[in-house]
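Have a look at the structure below before the remarks.
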Amino acid sequence: MIWYPYVQMKHMPAPYEITAAEGVYLYTKDAKLIDSVSSWWCAIHGYRNPVITAAIKEQADKFSHVMLGGLTHEPAKKLSDKLQSWLPGDLDYCFYSDSGSVAVEVALKMALQYFVNRGELQRTKVLSLTHAYHGDTFKAMEVGDDEDYHFVLQAYGAKKNVIHVPTEIPALEKAFAEHHAELNAFIVEPLLQGAGGMRMYDISFLQRARELCDEYGVLLIFDEVATGFGRTGHRFVADVVLPDILVLGKALTGGHIGHAVTVANHRVYDGFYDDDPAHAFMHGPTFMGNALACAAALKSIELFEQGNYMERIARIESILKREMAGFADPRIREVRVMGGCVCVEVTSPEVLSGYQEFAYARGVFSRPFLCCLYAMVPYIITEEELVRITDTMKAWFTERPLA
């Protein structure tokens, strides 16, 4: 029996069984649904993309996987070379893993060991945002700040090694002034906090964070697992403010197969490159650099480049803003749009009870959470399909009068 995520199994309604998927559509035995959430935001090219599918098949005919311990292979080397040339600044060193959460663990471990290698053992703490979400593995949960997901950590008592700050510059400056000597890293979801509530904030906060990290010698980590590959309207937020460590996942392979990468700059890498064997980075996920995933990622990046995806994302954003402009209801707290994301934040989770079934009946797959009714669509979506999503969102309120 499948144990499903984020749900009380005793009361879980039957999930929709998907029989096929292609383009922006999911198919059940009796419905054709626009996937408004891109399978947790990863399927940027839609489903069954023929280019990526062919790349996976071609690689599978050679070999599907070999470990990177003492071995290497062409797909991993080509993807590393591509990311080195494609990413901003000196983000040149790629450490692969099999999921975004593990890639965050890698980044946090990397930041801690960087200072351990330097003999700065007092730098044990991490600065993180309030409402942060970085995944569900243990260190990722610790730097997170959402009791709905991570309440299990209450068993350990108060956090000892994580400090949370809101996305306000005065609070950020205060945290650095008080704690800089014991900080090894500041980790953020840049501009858009996803699972913590689709919260959006200004680039000036990250610019100031970069200055403070430079001033106090703290490493800046961007978790762009969700925000990378155009979701915020920037190709990567790292193109605007350069971190020391960048974490990518989800859309890295266009959603066709699980893979992630933690990319370090020269400063971080040089902190491990040493004659002392004890300074090596002692980490190694079994499926890191999986050949099928690397082949898929290379084609996904190629599609992103050749398909004018940044223009597509700008168009999606303009349509979302046009369709949601001025839309209001007493049950709505705020409507937010950024890049390829729209969020309707409501006053209480009860407001959204039943929306998934409502959307299904109108040919849209949606998965609201907490107080967030949102969409993060595949970038290949047409205007007609996108408008059907926003019309369904608005109809939930207009067709259901206040009690």
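The values are calculated or read from the model by the stated rules, or taken from the named source; none is laboratory data. None of the values given here were measured: they were computed from a predicted structure. Because the Cβ atoms are built from the backbone with ideal geometry, glycine has one as well, and the counts that use them run over all protein chains shown. Surface accessibility is based on the protein's heavy atoms, side chains included, excluding ligands, DNA and RNA. Shrake-Rupley method; radii C 1.70, N 1.55, O 1.52, S 1.80 Å.
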Check your understanding: If Ala314 satisfies every condition in (1) within 21 Å of Ile389 (Cα to Cα); (2) of a type outside the set (Phe, Trp, Tyr); (3) more than 21 Å from the chain's Cα centre (by Cα) but one, which is the exception?
Key -> (3)
**Study point:** Qualifying positions in the range 102-125 - more than 19 Å from Asp274 (Cα to Cα), open to solvent by less than 30 Å² (accessible area, probe 1.4 Å) and more than 19 Å from the chain's Cα centre (by Cα)
**Key:** Arg123
Review point. If we scan the range 173-182, do we find a residue that is on the phi < 0 side of the Ramachandran plot, part of a helix (DSSP H, G or I), touching a strand residue (DSSP E or B) at 6+ places or on another chain (Cβ under 9 Å) and of a type in the set (Phe, Trp, Tyr)?
Key: yes
**Study point:** Residue selected from the range 266-278 under the condition open to solvent by 40 Å² or more (accessible area, probe 1.4 Å) and in a helix (DSSP H, G or I), by the criterion farthest from Met110 (Cα to Cα)
**Key:** Pro277
Exercise for review: Only residues that are open to solvent by 30 Å² or more (accessible area, probe 1.4 Å) and outside any helix (DSSP H, G or I): list them for the range 279-301, please.
Suggested key: Ala280, Phe281, Met282, His283, Gly284, Thr286, Phe287
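Name every residue in the range 211-226 that is surrounded by fewer than 16 Cβ atoms within 10 Å (Cβ to Cβ) and either under 25 Å from Lys250 (Cα atoms) or not hydroxyl-bearing (Ser, Thr, Tyr) (or both), in order of residue number. If you could, list the steps in order and put the result at the bottom.
Residues of the range 211-226 that are surrounded by fewer than 16 Cβ atoms within 10 Å (Cβ to Cβ), as a first pass: 211, 214-217.
Within the range 211-226, Glu211, Asp214, Glu215, Gly217 qualify.
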**Study point:** Candidates Leu87, Leu79 - the one that is within 18 Å of Asn290 (Cβ to Cβ), open to solvent by less than 50 Å² (accessible area, probe 1.4 Å), in contact with a helix residue (DSSP H, G or I) (Cβ under 8 Å, 6 or more places away or on another chain) and not polar (S, T, N, Q)
**Key:** Leu79
Check your understanding: Can you tell me how many residues in the range 359-381 are open to solvent by 30 Å² or more (accessible area, probe 1.4 Å) and farther than 22 Å from Ala226 by Cα?
Key -> 3
Study note, to complete from the structure: Residue hits (the range 227-265; open to solvent by less than 10 Å² (accessible area, probe 1.4 Å), closer than 22 Å to Ile56 by Cβ and assigned to a helix (DSSP H, G or I)) are Ala251, Leu252, Thr253
Check your understanding: Are there any pairs with C-beta distances below 6 angstrom linking a residue in the range 198-220 that is touching a residue at least 12 places away in the same chain (Cβ under 8 Å) and farther than 24 Å from Tyr269 by Cα to a residue that is among the charged types (D, E, K, R) and open to solvent by 10 Å² or more (accessible area, probe 1.4 Å), with the two at least 6 apart or on different chains, and if so which?
Key -> Met200/Arg336
